[in-house]
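Participant: Have a look at the structure that comes next, please.
Derivation of every value follows stated rules applied to the coordinates shown; laboratory data play no part. Source: prediction; values computed, not measured. When we count neighbours, we look across all protein chains shown, and the Cβ atoms used for this are built from the backbone with ideal geometry, even at glycine.
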Amino acid sequence: MRGSAAILARLRWIDDRIFWTGRLSRSEISKAFSISITQASIDISEYNRIAPDNIVPQADRSYGPSSTFVPLFPKEPRSFLEAAQAAAEGFPLRIERADDPWRNAPMDVLAALIAAAVAKVPVAASKPDGRILLCPYRLVDDAGILLVRGWDLHAAAVVVVPVAALSDLRRSAGVPWIDAAADQPPEQVG
């Protein structure tokens, strides 16, 4: 390979396209990189030189993966889909992002949890399946849901609870504080 960053980017694109979509054509390469069809053919030849058994010509003048296809580059599905969508290719599989969990978190609940942690005073709260007496010490942003992790004095265990599941929070002065040092693998509580 000649070492050019542009050539390397096109070879990665060829490898990704074959891996993720199962096909590619010279015109797709040409359009994606604003290069000539001749240059696209040269790039496919270069890819074939590096990985001679990876792609095979199809009847419609496109290329598909061989039965022994092995990717040359690491694969990252999100990066591939984001790039395909950014290229305005009309890519059929769209990425939908969940709302930021912080945006929809109940501010009064967050304020009570933060104040409890700063003051090191447990907070009593209602949740769908009962009450909790919580020493909160960590907020966890877990792929679209905001969780609080802490010690539940009633259960005598570390718990992880969705912030949105908590209501009616009240400080419980005079109750001992248990901090993160007591943390063991959490029990998921909903």
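Participant: Only one of (1) more than 22 Å from the chain's Cα centre (by Cα); (2) under 30 Å from Leu24 (Cα atoms); (3) surrounded by 15 or more Cβ atoms within 10 Å (Cβ to Cβ) is not met by Leu166, so which one is it?
Facilitator: (2)
Participant: Note down all Cβ pairs under 9 Å where the first residue falls in the range 129-147 and is crowded, with 20+ Cβ neighbours inside 10 Å, the second is in a loop (DSSP other than H, G, I, E, B) and basic (Lys, Arg), and they're at least six residues apart or on different chains.
Facilitator: Final answer for the pair search is Cys135/Lys120.
Participant: Moving on to the next point. Looking for whichever is touching a residue at least 40 places away in the same chain (Cβ under 8 Å), assigned to a loop (DSSP other than H, G, I, E, B) and touching a Leu at 6+ places or on another chain (Cβ under 8 Å) here; the options are Leu72, Leu93. Which one fits?
Facilitator: The unique qualifying residue is Leu72.
Participant: For the range 22-48, which positions are free of Cβ contacts under 8 Å to residues at least 12 places away in the same chain and within 16 Å of Thr68 (Cα to Cα)?
Facilitator: The answer is Asn48, and nothing else.
Participant: Scan the range 112-120 and tell me whether some residue there is under 17 Å from Ala182 (Cα atoms) and outside any helix (DSSP H, G or I).
Facilitator: Yes, there is a match, as at least one residue in the range 112-120 is under 17 Å from Ala182 (Cα atoms) and outside any helix (DSSP H, G or I).
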